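Report on the following structure.
The values are calculated or read from the model by the stated rules, or taken from the named source; none is laboratory data. Keep in mind that what you see is a predicted model, and the values were worked out from it rather than measured. Here the Cβ positions follow ideal geometry from the backbone for every residue, glycine too, while neighbour counts run over all protein chains shown. The area values use the complete protein model at the heavy-atom level, side chains included, leaving out ligands, DNA and RNA. Shrake-Rupley method; radii C 1.70, N 1.55, O 1.52, S 1.80 Å.
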Amino acid sequence: MSVLKSTSSVHDVGADKPPFGSRFLTDESQVWTQNAWDHVPLPDDQTETINASLAKQRTAPVPDDDKPRYNEKPARHWFADHQHSS
């Protein structure tokens, strides 16, 4: 029987704003609902730029019909996407 990790020897994983690297995915169906940087405060001089970029991304979400394809091999799609944006 596999036991999900729910504690950290360093950080409170149940905190509202846990430090980077201390959150654990406990429901694999929710893999796309959070990002490693979700809880990191925005730099004051980048807030406007970041919010504009996020707003643009929200105008073109992944179509429902394509979601299973991305969920089947997420690492492959992440790598391909980041190759083009670097």
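Annotations for the structure displayed:
- Scope segment 49-61; condition of a type in the set (A, V, I, L, M) and open to solvent by less than 70 Å² (accessible area, probe 1.4 Å); matching residues: I50, A52, L54, A55
- Some residue of segment 39-59 being touching a Lys or Arg at 6+ places or on another chain (Cβ under 7 Å) and either modelled with pLDDT under 85 or assigned to a helix (DSSP H, G or I) (or both): yes
- Flag if N71 is modelled with pLDDT of 65 or more, surrounded by 10 or more Cβ atoms within 10 Å (Cβ to Cβ) and under 16 Å from the mean Cα position of the chain (by Cα): yes
- Filtering segment 15-38 to residues that are open to solvent by less than 80 Å² (accessible area, probe 1.4 Å) and either modelled with pLDDT of 90 or more or more than 24 Å from H77 (Cβ to Cβ) (or both) leaves A15, P18, P19, S22.
- Looking across segment 74-86, the residues that are at pLDDT 75 or above and open to solvent by less than 80 Å² (accessible area, probe 1.4 Å) come down to P74, A75, H77.
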